[in-house]
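This report refers to the structure that appears directly beneath it.
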Amino acid sequence: MRTVKRPTRPLGQPTRGKTAPNRLRKTDVFLALAYPEFIRHLPGVYVDLGYGAYPITSVETLARLSRLKPDLQVVGVEIDPERVAAALPDARQGLTFRLGGFNLPLAPGERAAVVRAFNVLRQYAEAEVAAALAALDAGMAPDGLLIEGTSSPTGQLMTFNLYQKTPEGLTSRGLVLAPGLRQDFAPRQLQTVLPKNYIHHAAPDGPIDAFFAAWARAWSSARAHGNDLRQVFTAAARRLRADGFALDTRPALLRRGFLWLSPSWPQRASQ
Ligand SMILES: C[S@@+](CC[C@H](N)C(=O)[O-])C[C@H]1O[C@@H](n2cnc3c(N)ncnc32)[C@H](O)[C@@H]1O
């Protein structure tokens, strides 16, 4: 068994523990579609930071991503000691639970290849975000990915920042907007679940508002011509691309409802 050196004090504070089965399913689908080789050869553990009142998201991610990497190690990290104690009966091969915070409780030599911090930073002040990211960066493996985002209670609406660890530190790889396509939605609904660094910057007539106005127009025009939401989503995304917003137009991503916007967002890359 590995000894885990406890940091002096976990960085952060306990917050509401709300979670739900399948809430974060799309983060697993996204990684499997966008980074399959990275997941197959993961250079470290997968940290599910702030898994909440019960560890269902950690259990599900182990089951899903171990199809790509059978020896996947998922580490559920919680800052609330009672939630760690409550999760221990769910520990199993490939899944452990530890008390900790943004300064990750890793064993000597251990590194996080993926950190998912979902519905965690939304409960902090925006001014605390930079320190949280810097602390996470310190525990990550080279090329490691950080998925930091927010969702609706069921996960039907989801947005996340994607960062990658580079020699310069955590570098943005863009923002992903991911509505479930099994039911109709309005693009403006995604605006309500933007990550912490954007949610307070969506003033009317600003660039974020202009993007959502453009997406809403593209969506209703595509929706007028079809009922298959996968096709509508793809057509609207292509329209946005033609409007100058840089995004990933790979059909495999668009058909699963992933609008992966470049780090230049919300600015247009070209007019
Ligand atoms: C709303 S729950 C999110 C649960 C799950 N990630 C989800 O999205 O369904 C947020 C959890 O993050 C935990 N948390 C808050 N700050 C933390 C930190 N700095 N480190 C670890 N856990 C933290 C809280 O104690 C809470 O249980």
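Since every read-out is calculated from the coordinates, none of them should be taken as a lab result. Small disclaimer: the values here were computed from a predicted structure and weren't measured. Here the Cβ positions follow ideal geometry from the backbone for every residue, glycine too, while neighbour counts run over all protein chains shown.
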Notebook entry, point to check: Of G50, L72, N22, which is farthest along the charge dipole of the range 19-77 in the positive direction, counting Lys and Arg as +1 and Asp and Glu as -1 at C-beta?
Noted result: N22
Notebook entry, point to check: Among T19, T61, T249, T8, which comes first, second and so on when ranked by fewest other beta-carbon atoms within 10 Å?
Noted result: T8, T249, T19, T61
Item checked: Mean separation of Cα contacts under 8 Å (6+ apart) over length of the range 187-257, as relative contact order % -> 24
Next item on the list: Any chance you could check the Cα centroid distance between the range 197-271 and the range 138-167 for me, in angstrom?
Entry: 20
Margin query: So if the hydrodynamic radius of the range 146-271 is defined as the Kirkwood radius over C-alpha pairs, what does Stokes-Einstein give as its diffusion coefficient at 37 °C and 0.692 mPa s, in µm² per second?
Written below: 223
Notebook entry, point to check: Label D209 and A130 with points 7 Å out from Cα along Cα→Cβ: what is the distance between them in nm?
Noted result: 2.6
Checklist line | Percent RCO, i.e. relative contact order, over the range 25-177, from Cα pairs under 8 Å lying at least 6 residues apart | finding: 20
Notebook entry, point to check: With no solvent and one point on each alpha carbon, what is the Debye value of log10 I(q)/I(0) for the range 63-220 at q = 0.11 Å⁻¹?
Noted result: -0.53
Note to self: Using only DSSP helix segments of four residues or longer, with each worth -39500 (n - 2.57), what per-residue ellipticity at 222 nm results for the chain after dividing by its residue count and rounding to 500?
What the structure shows: -9000 deg cm²/dmol
Note to self: Along each principal axis of its Cα atoms, how long is the chain end to end? Whole angstroms, biggest number first, please.
What the structure shows: 58, 37, 34
Checklist line | Karplus-derived 3J(HN,Hα), 6.51/-1.76/1.60, for each residue of the range 96-112, Hz, glycine and proline x | finding: 10, 10, 9, 7, x, x, 4, 7, 4, x, 9, 6, x, x, 7, 9, 8
Next item on the list: Determine, for D28, D243, D205, the number of other Cβ atoms within 10 Å of each Cβ, and report the residues in order from fewest to most.
Entry: D205, D243, D28
Notebook entry, point to check: What FRET efficiency would be calculated for the residue pair H200, Q93, taking the C-beta separation as r and a Förster radius of 30 Å, to the nearest 0.05?
Noted result: 0.10
Item checked: Using a Förster distance of 45 Å, the FRET efficiency for S220-T8 (Cβ separation, nearest 0.05) -> 0.25
